[in-house]
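The values are calculated or read from the model by the stated rules, or taken from the named source; none is laboratory data. What you see is a predicted model, and the numbers here were worked out from it, not measured in a lab. Using ideal geometry, Cβ is built from the backbone for each residue, glycine included, and neighbour counts are taken over all protein chains shown.
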Amino acid sequence: MKALSSPADILVGGGAAGVGKTTCLLLEPLRHINNPNFGSVFFRRTSPMIKAEGGLWDASQNMYKSILGSEPRESTLEWFFQSGAKFKMSHMEYEKNKYDWQGAEIPLILFDELTHFSSSMFFYMLSRNRSMCGVDPYVRATCNPDPDSWLAELVDWWIEQDEKSPNYGYPVPDRQGMLRYFTRENGNLIWGDSAQDVYYKCKDSIDEIIARSKGLITVKDLIKSFTFVGGSIYENVELLKVNPAYLGNLNALDENEKLRLLGGNWKISLKGDDIYDSKKFNDMFTNSYVPKGENYITTDIAMKGSDKFIVYVWSGKRLEDFHVMDKSSGPQVINLIKDNAFAHAVPHSSIVFDNDGVGQFVDGFIEGAREFNNGATPLPNDETGKPESYKNLKSQCFFKSGDAVTRGEYYITPYAANKRYDDKMTLKERMLFERKAIKRGSIDKDGKLCVIKKEEMKNFLNGQSPDVMDCFMMREWFEFKVNQTSKVTSHSLRDYDNGLELLDFLR
């Protein structure tokens with residue numbers, strides 16, 4: 001009721017699971033259903049999220065189908081009503097998708113799970129929140145707590161910030177639904193307890209914008225009211241009646257997830273599971289100070305499958321070039337690797353390839369190339385000479401890679417970063433997309449560290465494989481002295497009967 005009765009220009013609701021967030025979101029546009037010129041758009045980050053079993057589309061069917069004259073159109077994810085009003089559901093999966101709405105006028109914009117969107121998507125869509133239908137434009141959004149997201153800073157006034165308080169991280173009861181006001185000045189958010197308060201803080205810049213618009217823009221257009229409304233599953237009596245087991249499922253989560261999803265706590269960080277710190281990961285695209293060095297190639301092989309064939313060309317820890325290929329044949333794989341080795345002066349002994357699955361065929365076709373076996377025993381520590389405490393080589397290199405990124409040792413050049421991964425994303429966008437899937441797994445009974453399994457990673461990537469990050473972490477393989485001092489060939493001593501035969505080969 002607090003959310004649905006709020007006069008705020010922008011309202012974010014939720015903060016815990018099972019509080020009725022989606023129901024509230026679907027109810028909101030119904031107040032304008034008799035306005036023939038009214039339209040609203042529901043956004044989720046991807047189309048599968050809209051169409052998932054029990055998701056936004058299914059929920060809308062349960063609510064809207066009983067309205068006289070309502071007409072669903074699943075092919076376009078739209079609802080049409082007798083008056084002429086219409087509601088649409090759409091995705092905004094990639095950063096560039098926000099420009100699909102350039103020129104649009106949307107009286108009511110609704111975001112389901114706002115933390116899944118970037119801040120630039122959100123603030124760009126505010127510029128599309130316009131109205132000619134008599135309804136003042138406004139925005140409604142839902143979320144679960146994510147203290148590592150950009151949204152956490154936006155709602156922090158409504159969250160208890162005192163670390164000594166037993167309610168630290170939980171919504172402050174007396175502040176739920178209270179309005180605050182903000183505007184943006186030079187990219188910064190300026191907050192106040194009233195629109196007048198904000199105006200006095202930014203008077204010069206606001207007056208200048210109004211003057212330049214010749215009065216077409218007012219103070220109300222530039223200063224927005226904002227509020228946050230939390231909630232508890234215990235208040236959702238209908239859910240507990242119909243599906244009491246849902247509360248049991250939430251209660252069975254590990255302690256941190258329970259505090260976050262059941263209690264709605266905004267200070268339980270999820271970063272602890274990430275191999276790559278998000279801010280340090282972003283720094284890789286601006287760390288131009290990273291020096292050039294010895295040239296290497298890392299490659300993740302895939303042929304005629306769902307995964308992509310990836311080739312990285314390195315100078316030291318600077319990623320200088322990048323190639324991707326779909327459904328590649330054997331000769332194409334070999335030729336692309338060899339062509340890049342020649343073009344960038346990379347010795348074959350400085351090429352490492354994923355030897356799992358189809359990658360095994362490379363051995364013998366590129367003489368001297370080195371093989372990377374994900375499940376192999378971890379390499380020995382350079383100082384102690386003993387294997388490090390990781391479950392396998394893949395985990396070891398991912399952890400080492402994450403540490404190196406945190407230290408600022410990597411640089412992705414603009415040339416490589418801006419090359420296309422596919423028709424939807426650049427390499428940079430793909431790396432940022434895959435980063436979130438590289439997480440620490442549970443420590444095994446022997447105390448060995450590991451990353452989560454690839455199938456678990458795919459759950460974060462809409463079923464896709466983390467191809468570019470697999471190829472990225474392989475660069476750490478060359479940092480081990482045992483690999484730096486044995487770059488003669490992919491053949492090992494065991495392939496020769498005696499030392500004389502090895503000397504003949506070396507000659």
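Based on what the data block shows, is residue 179 out of contact with any Pro (no Cβ under 9 Å at 6 or more places or on another chain) and in contact (Cβ under 8 Å) with a residue 60 or more places away in the chain? Walk me through it before giving the result.
Numbers: out of contact with any Pro (no Cβ under 9 Å at 6 or more places or on another chain): no; in contact (Cβ under 8 Å) with a residue 60 or more places away in the chain: yes.
No; evaluated as a whole, the condition is false for this residue.
The sole residue among 140, 128 that is among the charged types (D, E, K, R), buried (at least 20 other Cβ atoms within 10 Å of the Cβ) and assigned by TED's automatic domain parsing to the domain that holds residue 42 is 140. Going by the conditions given, is residue 39 over 24 Å from residue 126 (Cβ atoms) and of a type in the set (Gly, Ala, Ser)? Considered against the rule, which asks whether it is over 24 Å from residue 126 (Cβ atoms) and of a type in the set (Gly, Ala, Ser), residue 39 comes out as no. Of the residues making up the range 98-106, at least one is basic (Lys, Arg), within 25 Å of residue 425 (Cβ to Cβ), assigned to a helix (DSSP H, G or I) and assigned by TED's automatic domain parsing to the domain that holds residue 151. Pairs linking a residue in the range 252-274 that is on the phi < 0 side of the Ramachandran plot to a residue that is at pLDDT 80 or above and aromatic (Phe, Trp, Tyr), with Cβ atoms under 7 Å and 6 or more positions apart or on different chains, are 263/170; 265/170; 267/168. Only strands (runs of 3 or more DSSP E) whose full extent lies in the range 290-389 are considered here, and the ones with at least 2 residues that are crowded, with 18+ Cβ neighbours inside 10 Å and either among the small types (Gly, Ala, Ser) or modelled with pLDDT of 95 or more (or both) are 295-300, 309-315, 318-325. With respect to (1) without any contact (Cβ under 8 Å) to a residue 40 or more places away in the chain; (2) crowded, with 20+ Cβ neighbours inside 10 Å, the lone exception for residue 159 is condition (1). When the range 197-246 is limited to residues that are in contact (Cβ under 8 Å) with a residue 60 or more places away in the chain and small (Gly, Ala, Ser), the one that is nearest to residue 127 (Cα to Cα) turns out to be 225. Looking only at residues of the range 37-69 that are exposed (fewer than 13 other Cβ atoms within 10 Å of the Cβ) and touching a residue at least 12 places away in the same chain (Cβ under 8 Å), we find that the one that is nearest to residue 100 (Cα to Cα) is 69.
Among the residues of the range 107-125, those that are in a loop (DSSP other than H, G, I, E, B) and crowded, with 19+ Cβ neighbours inside 10 Å comprise 107, 112, 113, 117. One residue stands out among those in the range 143-155 that are in contact (Cβ under 8 Å) with a residue 40 or more places away in the chain and over 25 Å from residue 105 (Cα atoms): the one that is surrounded by the fewest Cβ atoms within 10 Å (Cβ to Cβ), which is 148.
Please find, among 50, 33, the residue that is aliphatic (A, V, I, L, M) and either more than 30 Å from residue 423 (Cβ to Cβ) or modelled with pLDDT of 95 or more (or both). Break it down stepwise before answering.
On the way: 50 fails: either more than 30 Å from residue 423 (Cβ to Cβ) or modelled with pLDDT of 95 or more (or both).
Among 50, 33, only 33 is aliphatic (A, V, I, L, M) and either more than 30 Å from residue 423 (Cβ to Cβ) or modelled with pLDDT of 95 or more (or both).
Look at the range 126-142 and say how many of its residues are of a type outside the set (Ser, Thr, Tyr) and either touching a Cys at 6+ places or on another chain (Cβ under 6 Å) or assigned to a loop (DSSP other than H, G, I, E, B) (or both). Quick ask: steps written out before the conclusion?
Our first condition is that a residue be of a type outside the set (Ser, Thr, Tyr); within the range 126-142, this holds for 126, 128-130, 132-137, 139-141.
Cutting the leftovers down to either touching a Cys at 6+ places or on another chain (Cβ under 6 Å) or assigned to a loop (DSSP other than H, G, I, E, B) (or both) gives us 128-130, 132-137.
Here the count works out to 9.
If you filter the range 2-29 down to residues that are part of a helix (DSSP H, G or I) and in contact with a strand residue (DSSP E or B) (Cβ under 9 Å, 6 or more places away or on another chain), you find that the one that is farthest from residue 230 (Cα to Cα) is 29.
Here is the figure for the range 176-201: residues that are surrounded by 15 or more Cβ atoms within 10 Å (Cβ to Cβ), over 22 Å from residue 140 (Cα atoms) and under 28 Å from the mean Cα position of the chain (by Cα) total 1. Going residue by residue through the range 416-426, is there one that turns out to be modelled with pLDDT under 95, exposed (fewer than 13 other Cβ atoms within 10 Å of the Cβ) and assigned by TED's automatic domain parsing to the domain that holds residue 467? Yes; the residues of the range 416-426 include at least one that is modelled with pLDDT under 95, exposed (fewer than 13 other Cβ atoms within 10 Å of the Cβ) and assigned by TED's automatic domain parsing to the domain that holds residue 467.
Going through 241, 214, 201, 220 one at a time, which residue ends up being basic (Lys, Arg), in contact with a Gly (Cβ under 9 Å, 6 or more places away or on another chain) and not assigned by TED's automatic domain parsing to the domain that holds residue 436?
Numbers: 241 fails: in contact with a Gly (Cβ under 9 Å, 6 or more places away or on another chain); 214 fails: in contact with a Gly (Cβ under 9 Å, 6 or more places away or on another chain); 220 fails: in contact with a Gly (Cβ under 9 Å, 6 or more places away or on another chain).
It is 201.
Hey, among the residues in the range 140-153 that are aliphatic (A, V, I, L, M) and at pLDDT below 95, which one's farthest from residue 43 (Cα to Cα)? Give the derivation first.
The initial filter retains those residues of the range 140-153 that are aliphatic (A, V, I, L, M), namely 141, 151-152.
The next check asks that each one be at pLDDT below 95; those that pass are 151-152.
Values: 151: 16, 152: 20 Å.
Among those that are aliphatic (A, V, I, L, M) and at pLDDT below 95, it is 152.
Listed by first and then second residue, the pairs linking a residue in the range 76-92 that is farther than 13 Å from residue 38 by Cβ to a residue that is of a type in the set (D, E, K, R) and not in a strand (DSSP E or B), with Cβ atoms under 7 Å apart and 6 or more places separating them unless they lie on different chains, are 91/45; 92/45; 92/98.
Residues in the range 70-94 that are closer than 15 Å to residue 29 by Cα and surrounded by fewer than 14 Cβ atoms within 10 Å (Cβ to Cβ): 2 in all. Figure legend. Inter-residue proximity from the range 393-414: first residues among the polar types (S, T, N, Q), second residues in a loop (DSSP other than H, G, I, E, B), beta-carbon distance below 7 Å, spacing 6+ or different chains. Indicated pairs: 395/450; 396/378; 396/379; 396/388; 406/277.
With respect to residue 218, determine if the residue is under 18 Å from residue 138 (Cα atoms), of a type in the set (S, T, N, Q) and either modelled with pLDDT of 90 or more or surrounded by 14 or more Cβ atoms within 10 Å (Cβ to Cβ) (or both).
On the way: under 18 Å from residue 138 (Cα atoms): yes; of a type in the set (S, T, N, Q): yes; either modelled with pLDDT of 90 or more or surrounded by 14 or more Cβ atoms within 10 Å (Cβ to Cβ) (or both): no.
Against the criterion (under 18 Å from residue 138 (Cα atoms), of a type in the set (S, T, N, Q) and either modelled with pLDDT of 90 or more or surrounded by 14 or more Cβ atoms within 10 Å (Cβ to Cβ) (or both)), residue 218 does not qualify.
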